[in-house]
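Report on the structure given below.
The values are calculated or read from the model by the stated rules, or taken from the named source; none is laboratory data. The structure displayed is predicted, hence computed values, not measured ones. Glycine gets a Cβ as well: all are built from the backbone with ideal geometry, and neighbour counts include every protein chain shown. Keep in mind that these areas ignore ligands, DNA and RNA; they rest on the heavy atoms of the full protein, side chains included. Shrake-Rupley method; radii C 1.70, N 1.55, O 1.52, S 1.80 Å.
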Amino acid sequence: HSIPFFGAGSCTSSANAPLHIDNYLLVGFGWPAIGCHPSTSFSPGTNPLIKKHVLDSVRCLLDKYPTSKIIPIFHANYEFELYPQPLQRDLSMNLIDLGCFAVVGHHPHIPSHIEFYHGAPIVYSLGNFAFSYGKFFNNQLAFPSQSFNQIALELSTDNILIHSLRFEPPNKVMYLHSESLFSSPLYTDCPYKDMSSSEYSAFFSNHRLKSVFLPIFKSSDSRFLEYLKILYVILRHFLITILIFMRFRTLQRRAD
């Protein structure tokens, strides 16, 4: 339908192609651990959110488009997890250090905290924006009310605004209010603001919400360990899918 897109394609080269909007350049990455089928050199899929691939891709874009404002978009983290994985937090900061204008994430279905790092915003989750509620799997797929809160990020050269919205089932999105990033509770109340990598890793281990047989992804993980953890999460999800098929579980999403 000629709708511009980014973050997926017929091969990794296509999936890694950025979307240009004025002087902004968006590049998307999908985390294989949560069902984002990775593309390869010869097959379609998403642009894989693997640490080395993300850094290599962004470095190439920064070299190729030195005057553009580059914004990586992460589809990452576990459902309803309020805090970013340590690996993904550090990776976001690494991208800012390289020269990215901002980093934006989504997938947990709830808005997460926002950090302002070296003059650039890192938004770890925008929330469950305009999700097709109650339409899939014979209307069984639904989400709890806390996933109805959403935010939109507005970036400009002189200001950063957070727009708050709320979804009202079955198909209405209500605008609530707008505020500067620096007056938003998502920024001012961030409990891990200014924590070092090691401090945050300990904080995440003690405060993460999704801890039932789910691994923590850390910056110190080797490439092999990162792949191994992703494979484990995929296999875990496969077993849960079998249980759903056998009607031992429901498709109702719950924060607990």
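Determine, yes or no, whether ALA142 is among the small types (Gly, Ala, Ser) and in a loop (DSSP other than H, G, I, E, B).
Working: among the small types (Gly, Ala, Ser): yes; in a loop (DSSP other than H, G, I, E, B): yes.
So ALA142 passes the test.
Can you confirm whether ASN77 is open to solvent by 20 Å² or more (accessible area, probe 1.4 Å) and closer than 22 Å to LYS229 by Cβ? In short, no. If only residues of the range 34-56 that are modelled with pLDDT of 95 or more and in a helix (DSSP H, G or I) are counted, the one that is surrounded by the fewest Cβ atoms within 10 Å (Cβ to Cβ) is LYS52.
Residue-wise test of (1) open to solvent by 30 Å² or more (accessible area, probe 1.4 Å); (2) without any contact (Cβ under 8 Å) to a residue 40 or more places away in the chain.
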| residue | (1), (2) |
| --- | --- |
| LEU141 | no, no |
| SER147 | no, no |
| LEU155 | yes, no |
| ASP158 | yes, yes |
| ILE162 | no, no |
| LEU165 | no, yes |
| GLU168 | yes, yes |
| ASN171 | yes, yes |
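Taken together, ARG236, ARG254, ARG249, ARG166 contain a single residue that is part of a helix (DSSP H, G or I), basic (Lys, Arg) and either at pLDDT below 95 or closer than 22 Å to GLY127 by Cα (or both), which is ARG236.
Given PHE204, PHE182, which one is assigned to a helix (DSSP H, G or I) and open to solvent by 90 Å² or more (accessible area, probe 1.4 Å)?
Working: PHE204 fails: open to solvent by 90 Å² or more (accessible area, probe 1.4 Å).
The unique qualifying residue is PHE182.
The residue pairs whose first member lies in the range 24-37 and is within 29 Å of SER156 (Cβ to Cβ), whose second member is outside any loop (DSSP other than H, G, I, E, B) and open to solvent by less than 20 Å² (accessible area, probe 1.4 Å), and whose beta carbons are closer than 6 Å, counting only pairs six or more residues apart or on different chains, are LEU25/ILE70; LEU26/ILE71; VAL27/PRO72; PHE29/VAL54; PHE29/PHE74.
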